[in-house]
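Single-structure report; data block below.
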Amino acid sequence: MYAAAGIKIVAPALEGALAGAPLYVVPPGEETAKYANMVTEEVGRIRIITEIAGVVVKADTLGSLEAIAEILKQNNVQIRIADVGDVSKRDVTEASVVKGREPLSGVILAFGVKILPDAQAEAEANDVKIFKEPIIYNMVTNYVEWQKMKREAKVELEFEKLVKPGKIQVLSGFIFRRAKPAIFGVEVLGGSIKPKYSFVRAENGEDVGEVQQIQDKGKAVSEAKSAMQVAVSMDDPIVGRHVFEKDILYVKVPERDAKALMSTCLEKVSEDEQEVLKEYIKLMQKKTPFWGGF
């Protein structure tokens, strides 16, 4: 390619990569090798590598790379590698390393480039997700929405595993069996109760035991919610010795679960459950100050 002052050196394979980059013109009588080296050095600076646990970005031109980086910045997405060129096996390896530490960041965003066969195989083998769209905005949006969906699913899964707060009262006149197992009627005053949940007395925080089964109108149920009156069976306590009519009992929420419910999962906890949990925390703090870190 010729210009007024001489020859412009741009290898065909790098022409797209150097879009927006400095163009070097060889003056008459000068050695082209010198300027070829300058171009090579410029290309070498295109690849940006950090130690950040961020995404891998591959694009067809510097302009595309810059546009993608700007949109990612607006969405608070960190970048580990930003490079011009096709997606290689090395790129997938880098994303895989990030995925081991930050699963939602170990991905590749590829715009206007090919995914080399060995890179595709490596991505499938390591479950590394590659986002590839013909429009930059759509590509980044798809990644951000995927990331949000995965986060929400993770929070939901963690929330489901937590022991939820519950408060019950032993009903007078509904003691069906006093021991082995003790079977008696209760009313759920707040929150909810489930089989395998353990309980403590509101009076002194002493353990009562674990609920084996919950029955509503003679049928076993997996959960009893606020305002329901149900029968529960418990192996450990003896009615009249460990638990009494009109006793208030709280679900024994593990300290770790209480912390999660009052922090990362608070928006999923109803006002009713929050009130019961606060009461339970106060009860536990009578025995252990600063229980739960509150």
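Throughout, read-outs are computed from the coordinates displayed, never taken from laboratory work. Computed from a predicted structure; not experimentally measured. Every residue, glycine as well, gets a Cβ built from its backbone with ideal geometry; the counts of neighbours run over all protein chains shown.
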Cα gyration tensor shape for the stretch 50-112, rounded if a/c is under 1.5, else prolate or oblate: oblate
4 °C / 1.567 mPa s Stokes-Einstein diffusion coefficient of the stretch 166-293, Kirkwood radius on C-alpha pairs, µm²/s: 88
Student exercise, the stretch 48-145 dipole from Lys, Arg, Asp, Glu Cβ charges, in Debye to nearest 20: 100
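Ranked highest first by average number of other Cβ atoms within 10 Å, how do 162-168, 140-146 line up?
On the way: 162-168: 23.9, 140-146: 16.9.
Sorting 162-168, 140-146 by mean packing, highest first, produces 162-168, 140-146.
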Protection proxy ranking of 287-294, 179-186 - average other beta-carbon atoms within 10 Å, highest first: 179-186, 287-294
Chain lengthening between R177 and I135 when straightened (0.36 nm per residue, less Cα-Cα): 8.2 nm
Inter-site label distance for I52 and K286 at 7 Å from Cα along Cβ, in nm: 5.1
Straight-distance crosslink candidates among aspartates and glutamates, where the alpha carbon sits under 13 Å from K150 and sequence neighbours closer than 8 are dropped: E102, E158
Set of lysines with alpha-carbon distance to K278 below 16 Å, sequence-local pairs under 8 removed: K164, K167, K252, K259, K268, K286, K287
